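For reference, the structure discussed in these notes is given below.
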Amino acid sequence: MRILVIDDDEFFVKLMSHALQKNGHVVEFSLDGLAGARHFEDKRFDAVICDLVMPEQDGIETIREIRLASPDVAIVAISGGAPSGEAVSFN
């Protein structure tokens with residue numbers, strides 16, 4: 001499976017990439033949402049793991065863009081913190 005990891009925490013990206021590769025997946029990454037959405041459009045992936053709180057472009061907007069480009073792609077949204085009290089909607 002080809003997986004794109006999008007997160008601004010470089011340590012987390014390396015850790016997640018290593019774990020996924022160890023289990024036989026092909027992993028690429030981007031360190032912000034804007035770059036991640038572009039990366040997805042350029043290469044297409046089977047799954048995306050995306051942080052919700054990032055600079056440049058937040059994960060919600062990134063997920064929306066990816067979902068528009070590929071409605072059936074599997075997406076896992078993660079976060080080490082949340083925007084202050086905001087409701088989350090992916091529609």
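The values are calculated or read from the model by the stated rules, or taken from the named source; none is laboratory data. Model, not experiment: these values are computed from the prediction. Here the Cβ is made from the backbone with ideal geometry for all residues, glycine too, and neighbour counts use every protein chain on show. Side chains are part of the model used for accessible areas, which takes the heavy atoms of the whole protein and leaves out ligands, DNA and RNA. Shrake-Rupley method; radii C 1.70, N 1.55, O 1.52, S 1.80 Å.
General observations
- For the chain, with all protein chains in place and a probe radius of 1.4 Å, 54% of the accessible heavy-atom surface sits on carbon or sulfur.
- Dipole magnitude (debye, nearest 20) for the chain, charges at Cβ of Lys, Arg, Asp, Glu: 400
- Unit charges at the beta carbon, dipole of the chain: most positive-side option, Ala37, Ser17, Met1: Met1
- Average accessible area per residue (Å²) across the chain - probe 1.4 Å, nucleic acids and ligands excluded: 60
- Mean Cα-pair separation over length for the chain, i.e. relative contact order, pairs under 8 Å, 6 or more apart, %: 29
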